Amino acid sequence: MRPYLAVARGSTLVSMVYRFGFLAAVLGNVVYLAVAFYLWKAVYGDADTIRGLTFDQTYLYVALGSTLFIVLKTYIDWSLSHEIREGIVAIYLIKPIDFQLYMLASSVGFFLLSVVTVTVPTVLLITLVFGVSLPVSPALALFPLSLLLAFIINFCFDYGVGLSGFYTESIWGISTVKDTLVLVLSGALIPIQFFPDMIRDTLIWLPFQAVYYTPLSLITLPEEGWEHVVRLGVQAGWAVILLAAGRVFYHQAVKVLRIAGG
Amino acid sequence: MAVRSPAEYLRLYFLIEAQYIKARLQYRADFMISSVGMVFSSLATLGVFAVLFNSINELAGWSFMEMVFIYAFYMIAISPMQILFDQFWWLRFDVQQGTFLKYYFRPLNMMFYYVSERFDIKGLTQLVLGIGLLIYSSVQLGLDWTPGRVGILILTVLSASLVQISLVVTAACSAFWIVNSWPVLSLAWKMREFAPYPMTIFSGLMRITFTYILPIGFVAFFPSQLFLRPGSVSSLVYAAPFVGLGLFAITYRVWTHGVNAYTGTGS
């Protein structure tokens, strides 16, 4: 475990170097929070609830969703495919480490740092400027666990796309498709309740919703009980399945690696 | 600097891009995958609109099909930035590594030379998709297209494209002074996402910002009104065909200043 902790600590320090890029992401998110506020105000109009959700619930959901997007982004897909293309990946192959764990550890620092630096100001903004209150319920206690599982699942998506760099020169297309699928099907841009019933009933079993819908509903649907536990179970299941799938993919993909000197 | 006629530049542009595209076509699979990515990212917001209108009938007085029209206009308007000016994403690296210096040594307009370095083929997917959606929504809405209206459409699309190009290129040019322009650039790039929303939903500071300061309202919403509601538009909308030119003139000045101020980073 010790080597991985060292990697995680190192990655936290490295991510502090990119603080201006980080600041821009936070600033962009603040503008998005304002746009979303007006957009959903216009959507709600005079309606008290749409699809069983109040404006406050929906706005809180969407606002925290876009914030989670920044927090959960690992950029492993870009860095890993870059390292494969440049042959840098060879360094990892000769080290006595587990590659997947190493990658996970190297993105956990950025994650932990952004949980604090992005989430805290966002929550303050939502509650103080936009006047939307954060409901406190027992379900909130499960949030850290659910957030961690969401991070692992999202890591698996990014890791899988990064590994595809073993097969293709540029991952722009694959990464864009992944980002879009996750954002739309996870209910990050629009709560899953808004989808037509049949699509919604399918989406809740897919891994995408486990990234945003599961942790966010712990906050926005405080009145639910067992439903949370079921969703957490589904989430944990997908985390295990995707971690295992990532290991299989890695062992297949690494076989095609050819490094031409350098 | 040698003065060349626009026709000469156009001929040069085709010559350069023909070579560029030939080289790119070696990576056919990459083009296919990137195009699929482009389709996905283009249609994501539209998908959200579709889901949203499953629960509501109108958004600030605009129907779903009208939103599709505005979105199609938006897709067409942001395409020239993607297809023709994509090289500006690399400006920060060229400035940092000193590779930008080579652009000083050709008897060509520097911005032309810089822009000609890249032709983003996958952006054509977005353009074609946008045109298709514009035609589809026009038919569905029963819009009346006279030759005069088509002329205004071309003019307003060009103007809207220049708005998008100006915002992103100006942001990219900050590299001349701060080198790593990524934070500024990504922020400017994110702003475009808010262009297809009806600007009437915003109030106060937001509305002023999106109309006058970062005028993304002119990328899609204001010009679209000329076709969707020609009878009831605010006088501001008539500025739409001309805002782009003014903004681009400012951007060109920023670029010229940057080019003259740049001395290399020592690497």
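Residue B:58 label point, 7 Å along Cα→Cβ, cut-off 19 Å on backbone N: hits in the range A:33-63? Hits in the range A:33-63 for residue B:58 at 19 Å: A:39-48. The Rg/Rh ratio of chain B, with both radii computed over alpha carbons and Rh defined as the Kirkwood radius, is 0.98. If you take the square roots of the eigenvalues of the alpha-carbon gyration tensor of the range A:51-185 and sort them as a ≥ b ≥ c, do you get rounded (a/c under 1.5), prolate (a/b over b/c) or oblate? Prolate, since a/c reaches 1.5 and a/b exceeds b/c.
Take every Cα pair under 8 Å whose residues are at least 6 apart in sequence, average their separation, divide by the length of chain A, and the relative contact order is 26 percent. Note on the range A:98-251: percent of Cα-Cα distances in each 5 Å bin, starting at 0 and stopping at the bin with the largest distance, equals 1, 9, 15, 19, 21, 16, 10, 5, 2, 1, 0. Can you grab the distance from the C-alpha centre of the range A:1-78 to the C-alpha centre of the range B:183-214, Å, no decimals? Measuring centre to centre over Cα atoms gives 18 Å.
With N set to the number of residues, divide the alpha-carbon radius of gyration of chain A by 2.2 N^0.38 Å and report two decimals.
On the way: Rg = 19.3 Å, N = 262, 2.2 N^0.38 = 18.3 Å.
Here the Cα radius of gyration is 1.06 times the empirical estimate.
To the nearest whole number, what is the average tally of beta carbon atoms from other chains within 10 Å of the beta carbons of peptide B:41-50? Kindly include the intermediate steps, with their values, before the conclusion.
Details: counts 6, 2, 2, 7, 4, 0, 6, 5, 1, 3.
Counting other chains' Cβ atoms within 10 Å and averaging over B:41-50 gives 4.
Within chain B, the whole DSSP H helices whose Cα atoms reach 18 Å or more along their own axis and whose mean Kyte-Doolittle score is at least 0.5 are B:28-52, B:64-84, B:123-141, B:147-173, B:240-261.
Which pairs in the list A:255/B:122; A:255/B:190; A:73/B:102; B:102/B:122; A:41/A:73 are over 32 Å apart, alpha-carbon to alpha-carbon? Mind dumping the intermediate values first?
Working: A:255/B:122 30 Å; A:255/B:190 39 Å; A:73/B:102 36 Å; B:102/B:122 27 Å; A:41/A:73 28 Å.
Table pairs above 32 Å Cα-Cα are A:255/B:190; A:73/B:102.
Computed across the range A:1-96, the Kirkwood radius stands at 16.9 Å (inverse of mean 1/r, all Cα pairs).
In whole angstrom, the protein assembly as shown maps to an equivalent ellipsoid with semi-axes of 37, 33, 21, each derived as √(5λ) from the alpha carbon gyration tensor and ordered largest first.
Hydrophobic long helices, here whole DSSP H runs in chain A with Kyte-Doolittle means of at least -0.5 and Cα atoms spread over 27 Å or more along the helix axis, are found at A:19-44, A:143-163, A:226-253. May I ask you to give the average projected area over all directions of the convex hull of the Cα atoms of the range A:154-229, in nm² rounded to one decimal? Computing the convex hull of the Cα atoms and averaging its projections yields 5.8 nm². Selection among B:137, B:197, B:210 by position relative to the dipole of chain B gives B:210 as farthest towards the positive end (Cβ unit charges, Cα centre).
Neighbouring Cβ atoms from other chains, within 10 Å of the Cβ of residues in A:193-200, number 2 on average.
Taken together, the values in this text are just the output of simple stated rules run on the coordinates, not laboratory data. Everything numeric in this text was worked out from a predicted model, so none of it was measured. Neighbour counts are summed over all protein chains in view; Cβ atoms, including those assigned to glycine, are modelled from backbone coordinates with ideal geometry.
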